[in-house]
Amino acid sequence: MTVFPSMHSRRLLGASVLTLLLITASGQLFADTAFRYQIPVQPEAASGYQEKPGWATSSFSVAAANPLATDAGYQILKAGGSAIDAAIAVQMVLTLVEPQSSGIGGGAFLMHFDGSKVLAYDGRETAPAGVTESLFLDQDGAPLSFMDAAASGLSVGVPGVLRMLEEAHSAHGQLPWEVLFAPAIILAEEGFAVSPRLHTLLAGETALKANAAAADFYYDTDGEPLPVGHQLKNPALAAVLKQIAEKGSKAFYTGGVALDLVQQVQQHPVYPGSMTEQDMAAYEPVVREPLCTDWKAYRVCGFPPPSSGHLTIMQMLGVLEHTPAVEAPLQDGLPSEAWLHQFTEAARLSFADRALYIADPDFVSPPGGNWASMLAPDYLRERAGLISATSMGRATAGVPGPWQVSYASMPEQEEYGTSHISIVDAEGNALAMTTTIESAFGARILANGGTDLPGGYLLNNELTDFSFQPADADGVPIANRVEPGKRPRSSMSPTLVFEREGGELVASLGSPGGAAIIHYTARTLIAMLDWGLNAQEAISLPHALSFNGPTFLEADRFPESTIEALRAREHEVTERDLTSGLQAIQKTADGFFSGADPRREGVVMGD
């Protein structure tokens, strides 16, 4: 069932209701695998905060950040596709309708459960072979400003999402690869209604207009963003997706599409990058063992480094387990001041460790040779002992074992972006995938695949997730510094939860939001699994976080009494917009109950 029945209404738009012709390189048609994609009625949605009811389904569920993307996944599942099949269709549509957050020009982390085994598919971008540690330093050795670095060719990492999805599909797909591109191709050719969120972000954007192709495509002749409801077609993206559908990911990583991407990077007018066609052709996804950690009655499985998400989340949850229980963590439906104090203090401790230790495991060894050292109960108990009645302000990293650390802590720097997808199919396959081009609109470079058609896809600025400074003032190197072939540290936290005894699936969840992803996901886990809230109630709670500095509270969501009580505990409190994009699917006795973040445009669909 779905709370949005109009999403099931269909309208005929000439060629928009098609049987997808599955054409192989030899030109043969596979008529028995035809898939009929129908463009749904596109509901209007408000920008800003919009209450959502949650969705109960009995057999399967798909949650994504845009109604058109969710519907594409739904139609694939209805056609007999697997969770992986649906995720591919969702991602391709997000490339089109939510270009500011993710797409084929970026990367993703995918957690997948096939009913017996959990695997972590790493499609993180990599640094080109030609980079150096001083990539983001100016001629005087000072770090570039974030926007100078981000909106440039310097920031573009080799995209990984397509090769990763192709590898996951080869293992877990049910429908042919070609079928999964039909929704995005048809929508790109027929057009989609510009959403309130896309319009709002375009209106607040300046750097994107410096790219002539993007300025022509997303703005009118007066430089105003395309209005809400404008029917936007993207023929360049459709052409690129057709090549990938027919020939596989090699159509993206080699040939004309790859050459165009490389030229866009190398020919940036201010800060050109070094990426080559060889960098593109050489990209390989990695299948990693997930990190699975026992917590209360659950086993929480998340992504290992280069993601810092699972380690930092489970440090926070583990530290809280060793602090005195707050008698009333919720008061009047909101997190209490006492709980917020403990939560943000645990975040300070965990982010101090994150800054020192976590980076690409192919370049950096974990403390003591095992990332589990950071989650050892004795170590977390020791760290919890540092929490007092007043805020510590700024925590220092701990030492999770008797060894010397040869790195300096990474200074705090901005992180942005991303989108999250959660899916459970009718066969019990489940996934959580967080996908990104990093900052809103990525590197602000629109690539058209060499097609000479309007539109295209945006390139990532993922390399700005590396430390701009390669070393501290004493010359001690920073673990997450730029190096050739390295994957930048991420905060993405796709998470699957299981019963500790029995191993049954409990939940799939995750969020966009840069480094705040960690807090958003940790708080949602606590609210669902410890406080007993349903997925939608947990997602809708107001946010609080600390990156090991000030305490940030979601603007206009907490009473003044809570703010003053935290300040009395010596917190430096600042209110700000904390625009998470949480999606969560929770197993129930009758099927599933799922939630989507009221702060964005996401919805859930299923039967």
> Looking at (1) closer than 28 Å to residue 537 by Cβ; (2) modelled with pLDDT of 95 or more; (3) small (Gly, Ala, Ser); (4) touching an Asp or Glu at 6+ places or on another chain (Cβ under 6 Å), which is the one condition that is false for residue 58?
Replying inline: (4)
> Can you name the residue in the range 438-465 that is buried (at least 24 other Cβ atoms within 10 Å of the Cβ) and modelled with pLDDT under 95 and is also farthest from residue 585 (Cα to Cα) among such residues?
Replying inline: 439
> Name the residues in the range 117-147 that are hydroxyl-bearing (Ser, Thr, Tyr) and either under 25 Å from the mean Cα position of the chain (by Cα) or at pLDDT below 95 (or both), would you?
Replying inline: 121, 126, 145
> Going through the range 184-202 one residue at a time, which ones are among the aliphatic types (A, V, I, L, M) and out of contact with any Phe, Trp or Tyr (no Cβ under 6 Å at 6 or more places or on another chain)?
Replying inline: 184, 185, 187, 188, 193, 194, 198, 201
> Can we say residue 439 is within 26 Å of residue 120 (Cα to Cα), of a type in the set (Ser, Thr, Tyr), in contact with a Pro (Cβ under 7 Å, 6 or more places away or on another chain) and touching a residue at least 24 places away in the same chain (Cβ under 8 Å)?
Replying inline: no
> Looking at 280, 275, which is the one that is under 24 Å from the mean Cα position of the chain (by Cα) and not in a helix (DSSP H, G or I)?
Replying inline: 275
> Any residue in the range 33-48 that is surrounded by 13 or more Cβ atoms within 10 Å (Cβ to Cβ), at pLDDT 70 or above, touching an Asp or Glu at 6+ places or on another chain (Cβ under 8 Å) and not assigned by TED's automatic domain parsing to the domain that holds residue 424?
Replying inline: yes
>> Just to check your reading of the model, which residue among 262, 257 is among the β-branched types (Val, Ile, Thr), without any contact (Cβ under 8 Å) to a residue 60 or more places away in the chain, buried (at least 21 other Cβ atoms within 10 Å of the Cβ) and at negative phi?
In response: 262
>> Criterion first (closer than 26 Å to residue 129 by Cβ and in a loop (DSSP other than H, G, I, E, B)) does residue 442 satisfy it?
In response: yes
>> Being modelled with pLDDT under 95, among the β-branched types (Val, Ile, Thr) and within 16 Å of the chain's Cα centre (by Cα) is true for just one of 435, 418. Which residue is that?
In response: 418
>> Considering only residues that are in a loop (DSSP other than H, G, I, E, B) and buried (at least 24 other Cβ atoms within 10 Å of the Cβ), which ones fall in the range 57-80?
In response: 60, 65, 66
> Can you tell me which residue in the range 373-397 is surrounded by the most Cβ atoms within 10 Å (Cβ to Cβ), limited to those that are touching a Pro at 6+ places or on another chain (Cβ under 8 Å) and assigned to a helix (DSSP H, G or I)?
Replying inline: 374
> When you look at residue 548, is it buried (at least 24 other Cβ atoms within 10 Å of the Cβ) and in contact with a Lys or Arg (Cβ under 8 Å, 6 or more places away or on another chain), yes or no?
Replying inline: no
> Where residues in the range 188-202 are under 23 Å from the mean Cα position of the chain (by Cα) and in a helix (DSSP H, G or I), which of them is farthest from residue 439 (Cα to Cα)?
Replying inline: 188
> So residue 225 clears everything in (1) touching a His at 6+ places or on another chain (Cβ under 8 Å); (2) buried (at least 21 other Cβ atoms within 10 Å of the Cβ) except one condition, right? Which one?
Replying inline: (2)
>> Considering only the range 498-511, I want to know if a residue exists there that is under 15 Å from residue 587 (Cα atoms), more than 19 Å from the chain's Cα centre (by Cα) and of a type in the set (Phe, Trp, Tyr).
In response: yes
> Mind checking whether some residue in the range 466-475 is surrounded by 24 or more Cβ atoms within 10 Å (Cβ to Cβ) and either in contact with a helix residue (DSSP H, G or I) (Cβ under 8 Å, 6 or more places away or on another chain) or among the hydrophobic types (A, V, I, L, M, F, W, C) (or both)?
Replying inline: yes
> So which residues in the range 558-576 are of a type in the set (D, E, K, R) and crowded, with 17+ Cβ neighbours inside 10 Å?
Replying inline: 569
>> Of the residues 293, 312, only one is at pLDDT 95 or above and surrounded by fewer than 23 Cβ atoms within 10 Å (Cβ to Cβ); which?
In response: 293
> Looking at residue 17, is it under 30 Å from the mean Cα position of the chain (by Cα), of a type in the set (A, V, I, L, M), at pLDDT below 95 and not assigned by TED's automatic domain parsing to the domain that holds residue 510?
Replying inline: no
> When residues of the range 176-230 are filtered for being among the acidic types (Asp, Glu), more than 19 Å from residue 147 (Cβ to Cβ) and touching a residue at least 24 places away in the same chain (Cβ under 8 Å), how many remain?
Replying inline: 4
> Which of the residues belonging to the range 562-599 are touching a residue at least 60 places away in the same chain (Cβ under 8 Å), among the β-branched types (Val, Ile, Thr) and part of a helix (DSSP H, G or I)?
Replying inline: 562
> Which condition does residue 602 not pass, out of (1) small (Gly, Ala, Ser); (2) touching a residue at least 40 places away in the same chain (Cβ under 8 Å); (3) within 24 Å of residue 499 (Cα to Cα), if it passes all the others?
Replying inline: (3)
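The values are calculated or read from the model by the stated rules, or taken from the named source; none is laboratory data. Just so you know, these numbers come straight off a predicted model, no measurement behind them. No Cβ is skipped: glycine too gets one built from the backbone with ideal geometry, and neighbour counts run over all protein chains shown.
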